[in-house]
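Where a number appears in this text, it was derived from the coordinates with a stated rule and is not lab data. A quick note: this is a predicted structure, and the numbers were derived from the prediction, not measured. Glycine gets a Cβ as well: all are built from the backbone with ideal geometry, and neighbour counts include every protein chain shown.
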Amino acid sequence: MFNSDGTIEINENSFVIKDRTQILIVEEWGNNSVRIISSPNHSFERDNKHGIEELKKNKDGNVRIKNEKGILSLKTGDLKVIYINNKLTFYYKEKIILEEYSRKQSDVRRTIGIDSHIPIESSPSSSLNITPREFKFKHESSYSATLRFEGDSQEKIFGLGGYQEESLNKSNGTYELMHRNSQTSIPFYISDKNYGFIWNNASIGEVSFNKNQKIWKGFNTEVIDYIVTSGETPKDIINNFTEMTGRTPKINDKLLGLWQSKLRYQTIDEITEVYRKYLERGISLSVLVIDYFHWTADGDFEFDMRYWDGIDSFAEKLKGTNTSLMVSLWPTVTKESKYYNLYHNLQMIIKAVNNKDDIFDGKEILDFSNPLTVKHVRKLLNKNYRDLGIKLFWADQAEPEMANYNHDEYLVYEGNLEKVGNRYPYHYINTIQDGSEINANPILIRSAWFNSQKYGALAWSGDIDSSFESLRRQIQIGISMGISGISWWTSDIAGFHSGDSNTPYFKELMIRWFQYSVFTPILRMHGDRQPHTQRIGDSGGGLRTSGAPNEIWSFGKDVESILINYIRIRENLKSYIKELFMQSSEYGYPIIRSLFFEFPNDSQTWEETTNYMFGSSLLIAPVVEVAVNEINVYLPKDNNWIEVFSGKEYKGGNIYNIKVALDNIPVFCKKGSKLEREINKIF
């Protein structure tokens with residue numbers, strides 16, 4: 001019920017503030033979790049169309065709401081939020097963890113004989129007139145929105161998706177809230193101050209974690225919507241977060257071995273020969289990938305049978321070695337597609353406001369938020385792939401990639417693309433699922449959004465360059481994506497482009513990246529190697545050239561020998577890896593984990609960037625520099641650690657200088673773990 005002047009309403013699990021400029025809703029969102037919603041429109045619809053499509057509350061908790069002389073508070077578990085003078089302050093166990101930024105004049109004037117009974121409070125006052133939540137009108141039902149918090153230069157912030165940088169800690173950085181090729185924006189982070197934060201808005205925007213302010217911006221929205229969730233450990237916070245946004249399905253453990261891919265196998269004869277050569281080496285691939293332009297035209301979603309006749313029989317043959325075929329899908333459409341007029345007439349493509357719909361490389365892009373697009377594409381995938389025995393899909397170009405990232409110039413079924421653009425990968429992956437119960441087959445996808453993990457999103461970090469600098473960036477991206485809810489993740493081993501695969505530098509990079517990738521969720525060979533072979537036709541599946549070989553034997557005998565040994569290690573680790581995937585499914589835990597995720601009470605672990613935990617038992621120290629013979633490794637305190645290749649034991653809490661040779665990277669097993677008993681058998 002609202003108070004007498006209509007400004008405050010207190011309900012069972014929320015309180016609502018209304019004034020001339022906006023409505024503010026402060027709501028319990030399950031145990032240790034609070035959701036804040038604000039809009040300049042008092043009658044806005046709470047339909048989740050502005051942000052996370054499938055958002056549920058955290059596990060139930062008790063809620064207590066108080067109104068003491070205009071100071072409102074809401075408490076759930078150990079998390080409390082206090083509202084005073086249009087500002088919210090969040091406490092965990094009575095300690096401030098997050099505070100909105102407000103610079104307003106306080107009401108300090110009192111008149112003798114009239115206001116004498118009202119105490120004069122000593123409180124901060126400013127004439128800057130800056131509010132925590134600000135909306136600027138653009139046009140009908142559209143505003144730019146700004147949310148401000150007090151800055152903290154000492155705070156450590158982790159997550160946000162995947163950005164191409166080496167820094168794991170996002171504090172003091174600025175990040176655009178927008179997907180690009182090799183960049184995934186998932187606006188969730190965890191803090192070393194015992195809380196996690198969700199920016200629940202799909203609008204293109206920006207966030208800055210400055211020393212003086214944290215500033216979130218949505219460029220086209222009528223809602224500020226965020227959630228604060230708290231916990232004693234990072235595991236508690238991730239568990240809360242994934243309870244709200246979803247967890248992965250159970251993986252098919254036949255997919256945990258080597259995936260073989262390159263840009264691009266041109267014919268069924270070529271890929272058959274690759275399969276045969278792996279069998280000669282005693283290696284049964286988990287997945288064999290058919291990349292783009294195997295199709296008749298962009299938008300047809302079918303094989304060009306001039307080059308792929310017999311693919312159904314080949315898929316059946318692969319079952320004998322538990323190998324699956326995966327095909328690449330693109331959302332692009334060209335005029336050569338047999339469905340081009342259908343896509344246009346039923347508005348199944350992303351439309352430009354100036355009618356120039358060719359968004360990328362002269363091609364148009366499908367709008368997967370349109371139910372008609374979903375229905376049509378699902379029908380084609382079932383008929384042209386699943387009925388041929390191909391169940392695995394690679395959703396490329398999932399941002400979508402654009403020649404110019406001017407989202408405000410395009411329209412989709414849900415409205416202006418700038419307003420909802422970050423949800424595109426969610427709709428894309430939802431389309432590929434056939435509408436039945438979610439299965440255990442991952443969908444390799446070049447971007448992701450909240451909820452994507454529920455549909456089997458196996459994100460990869462995009463078209464990255466081939467360098468040791470790139471390797472360092474991908475390691476932190478893999479850790480950050482896991483924190484952001486996308487625990488199924490992979491990268492192109494040795495990078496995607498710009499590397500000369502005949503040089504000693506590249507061969508060393510291939511070895512080091514492969515060694516690292518054995519201890520990631522999916523071990524996947526892919527890349528655009530040089531030089532290309534010529535195209536084999538003038539249309540359809542013959543239209544594009546093919547990259548140089550990218551199989552494990554393509555880089556010389558010495559490289560092959562090391563890679564085969566690490567494939568053996570991967571096979572020996574399968575039962576352990578399967579357990580990590582189960583933890584992801586049941587608790588939302590990342591598979592590759594920052595050291596602080598397992599050892600939050602060790603302050604040094606919050607400083608680590610490239611060394612990480614593969615589950616709770618293995619600490620991996622990738623070699624991320626060229627031509628080095630030693631690296632420094634910090635081992636978390638209160639544990640002893642066994643280096644698995646040498647058998648040497650180390651006491652935790654110290655930095656050690658570890659000698660490295662080309663055939664191995666340092667891997668440490670936590671002493672006393674179940675895995676310790678199997679070290680000799682596995683490694």
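Observations
- Note that region 187-199 has calculated 3J(HN,Hα) couplings of x, 10, 9, 10, 10, 6, 9, 6, 9, x, 9, 10, 8 Hz, one per residue in order, obtained from phi through the Karplus relation 6.51 cos²θ - 1.76 cosθ + 1.60 (θ = phi - 60°); glycine and proline are x.
- The charge dipole of region 594-682, taken about its Cα centre with unit charges on the Cβ of Lys, Arg, Asp and Glu (plus for the first two, minus for the last two), comes to roughly 360 debye.
- The slack in the chain from A627 to R568, taken as 0.36 nm per residue of separation less the alpha-carbon distance, amounts to 18.8 nm.
- Spin-label pair Q154/N212, simplified geometry with 7 Å Cα→Cβ offset, distance in nm: 2.1
- Dipole of region 8-244 computed with +1 at Lys/Arg Cβ and -1 at Asp/Glu Cβ about the Cα centre; of F241, H42, G77, farthest Cα towards the positive end is H42.
- Sites excluded, GluC sites (Glu not before Pro) in DSSP loops with at most 10 other C-beta within 10 Å, longest stretch of the chain: 141-436
- Counting DSSP beta bridges with both ends in the chain, the antiparallel % (nearest 5): 85
- FRET efficiency, 1/(1 + (r/R0)^6) with R0 60 Å, evaluated for T111 and T503 via beta carbons: 0.15
- Given charges at beta-carbon only (K, R positive; D, E negative), |dipole| of region 8-244 in Debye: 460
- Amide H contacts under 5 Å for W449: Y426, restricted to partners 5 or more places along the chain or on a different chain, H placed in the peptide plane at 1.01 Å from N.
- In this calculation the C-beta distance from D19 to K93 is compared with R0 = 30 Å, giving a FRET efficiency of 0.45.
- For K419, the lysines whose Cα falls under 21 Å of its own Cα, not counting residues fewer than eight places away in the same chain, are K49, K136, K138, K217, K351, K356.
- Computed helical MRE - 222 nm, the chain, DSSP H runs ≥ 4 contributing -39500 (n - 2.57), nearest 500: -6000 deg cm²/dmol
- Of the trypsin sites (Lys or Arg not before Pro) in region 7-110, those whose Cβ has at most 16 other Cβ within 10 Å and which sit in DSSP loop: R20, R46, K49, K56, K59, K69, K93, R109, R110
- Approximate spin-label separation N355-S673, in nm, with each point projected 7 Å along Cα-to-Cβ: 6.2
- Estimated distance in nm for a label pair at E68 and S43, the labels positioned 7 Å out from Cα along Cα-to-Cβ: 3.8
- Charge dipole of the chain about the Cα centre (unit charges at C-beta), most positive-ward option of G51, S584, H179: S584
- Cα-based reach from K277 at 19 Å (exclusive), listing lysines while leaving out same-chain residues under 8 positions away: K262, K317, K319, K557
- Applying a DSSP loop filter and a limit of 14 other Cβ atoms within 10 Å to the chymotrypsin sites (Phe, Trp or Tyr not before Pro) in region 353-395 leaves nothing.
- In a simple Cβ point-charge model (Lys, Arg +1; Asp, Glu -1; nothing else charged), the chain has a dipole of about 1080 debye relative to its Cα centre.
- DSSP-defined antiparallel bridges as percent of all bridges, region 271-378, nearest 5: 55
- Remark on D396: its backbone amide H falls under 5 Å from those of L329, a criterion applied only to residues 5 or more positions apart or on other chains, H modelled at 1.01 Å from N.
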